[in-house]
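> Following this message is one structure expressed as structure tokens.
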Amino acid sequence: MDLDEEIQQRLEGLKIPSHIAVIMDGNGRWAEEHGLTRLQGHAAGRRAAKRLVDAAIEVGVQVVSVYAFSTENWSRSENEIEGLMALIEEALRQELKELQEQQVRVVASGRLSQLPSSLQELLAKSERDTADNRDLTLNLCINYGGRAEIADAAAAIATDAVAGKIAPSEIDTELVATYLYHPELPDPDLLIRTSGELRISNFLLYQLAYSEMVVLPVYWPDFDASSLLEAIEEFNERKRRFGARPS
Ligand code: FPP
């Protein structure tokens, strides 16, 4: 896909964030406004996720993390949960070949062992088959919770401490980061949330400490390359100080 000329012009001179994290919010409200079912809203959300990946490659983003299913989403109806799991699996199965051609590396973050076994197997295969791809890393956050990730890291650190592999005095913020699901990924520079809500909703709690947040008014199914550019433009207006004094 070629970005249209207007977007190419808007891109000129902009600093592109290396890692963008995205809370894809608003599928349900979009569906309601269009007289559709929630699952049809998620299906439209899937098409928007594809537009995000295509546009991210075009603008030169290195990593995109998408919040596809949270540890809290299990409280939704059985119908919606099953539909979402099937949709995520179908999307990955259908897109894997193109993701390969686009040189996208797929990784998954979350408590994956609680997912349907067919999805676990597909995620493992996708990670294996795309491991050498270098254009974009797509981090699929599924059954993901920031608190769960930190708790899992704490449990693994405790296990290693009891086994004598690390001493409690060695535990600092950098060591904790090496126990997260994908320690090789840089922290997000930019968090985008759609549908106007001003919340982090348990997404990447450890990694988002100094990320810039841009909230777009559009519902996720309406997200497109222009929305991504809008967020990157707003990111470029921010002065990132990482807690230091203004210079
Ligand atoms: C939030 O909207 C969206 C989700 C919980 C699911 C996100 C899933 C997708 C976009 C589809 C699959 C994606 C991939 C990457 C394969 P909501 O249901 O909370 O919307 P609402 O707040 O308007 O009800």
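The values are calculated or read from the model by the stated rules, or taken from the named source; none is laboratory data. From a predicted model like this one, the values you see are computed outputs, not experimental measurements. Here the Cβ is made from the backbone with ideal geometry for all residues, glycine too, and neighbour counts use every protein chain on show. Each accessible area value is taken on the protein alone, full model and side chains, heavy atoms only, with ligands, DNA and RNA left out. Shrake-Rupley method; radii C 1.70, N 1.55, O 1.52, S 1.80 Å.
> Within 10 Å of the ligand (Cβ to nearest atom), hydrophobic (A, V, I, L, M, F, W, C), under 16 Å from residue 120 (Cβ atoms) and surrounded by 16 or more Cβ atoms within 10 Å (Cβ to Cβ), is that true of residue 92? Talk me through it step by step, then tell me what you get.
Working: within 10 Å of the ligand (Cβ to nearest atom): yes; hydrophobic (A, V, I, L, M, F, W, C): yes; under 16 Å from residue 120 (Cβ atoms): yes; surrounded by 16 or more Cβ atoms within 10 Å (Cβ to Cβ): yes.
When the stated conditions are applied, residue 92 passes them.
> Then there's this: Output the qualifying pairs, or none if there are none: Cβ atoms under 6 angstrom, residues six or more apart or on different chains, first residue in the range 199-225 and over 25 Å from residue 147 (Cβ atoms), second residue among the aliphatic types (A, V, I, L, M).
221/44; 221/48; 223/48; 225/3; 225/7; 225/55
> Quick check on my filter: what residues within the range 196-228 are assigned to a helix (DSSP H, G or I), under 17 Å from the mean Cα position of the chain (by Cα) and of a type outside the set (Ser, Thr, Tyr)? Show your work before the answer.
Going residue by residue through the range 196-228, those that are assigned to a helix (DSSP H, G or I) are 220-222, 225-228.
Subsequent filtering for residues that are under 17 Å from the mean Cα position of the chain (by Cα) retains 220-221, 225, 227-228.
The answer is 220, 221, 225, 228.
> Let me ask another. Which of the residues that make up the range 95-107 are open to solvent by 10 Å² or more (accessible area, probe 1.4 Å) and either of a type outside the set (Lys, Arg) or within 10 Å of the ligand (Cβ to nearest atom) (or both)?
Looking only at the range 95-107, we keep the residues that are open to solvent by 10 Å² or more (accessible area, probe 1.4 Å), and these are 95-103, 105.
Those that are open to solvent by 10 Å² or more (accessible area, probe 1.4 Å) and either of a type outside the set (Lys, Arg) or within 10 Å of the ligand (Cβ to nearest atom) (or both): 95, 96, 98, 99, 100, 101, 102, 103.
> Condition first: farther than 20 Å from residue 233 by Cβ, in contact with a Leu (Cβ under 8 Å, 6 or more places away or on another chain) and open to solvent by 20 Å² or more (accessible area, probe 1.4 Å). Now tell me which residues in the range 173-207 satisfy that.
187, 200, 206, 207 - these are the residues of the range 173-207 that are farther than 20 Å from residue 233 by Cβ, in contact with a Leu (Cβ under 8 Å, 6 or more places away or on another chain) and open to solvent by 20 Å² or more (accessible area, probe 1.4 Å).
> A further question on this structure: Of all residues in the range 48-88 being under 15 Å from the mean Cα position of the chain (by Cα) and open to solvent by 50 Å² or more (accessible area, probe 1.4 Å), which is nearest to the ligand (Cβ to nearest atom)? Working first, answer last.
Residues of the range 48-88 under 15 Å from the mean Cα position of the chain (by Cα): 48-57, 61-71, 88.
When the remaining residues are screened for being open to solvent by 50 Å² or more (accessible area, probe 1.4 Å), the result is 50-51, 62.
Numbers: 50: 8, 51: 11, 62: 18 Å.
Per the criteria, the residue is 50.
> Right, something else. Which of the residues that make up the range 119-148 are among the small types (Gly, Ala, Ser) and open to solvent by 20 Å² or more (accessible area, probe 1.4 Å)?
Let us first name the residues in the range 119-148 that are among the small types (Gly, Ala, Ser), namely 124, 126, 131, 145-146, 148.
124, 131, listed by residue number.
> Scan (1) free of Cβ contacts under 8 Å to residues at least 24 places away in the same chain; (2) in contact with a Cys (Cβ under 9 Å, 6 or more places away or on another chain) for the single condition residue 181 breaks and write down its number.
Residue 181 satisfies every listed condition except (1).
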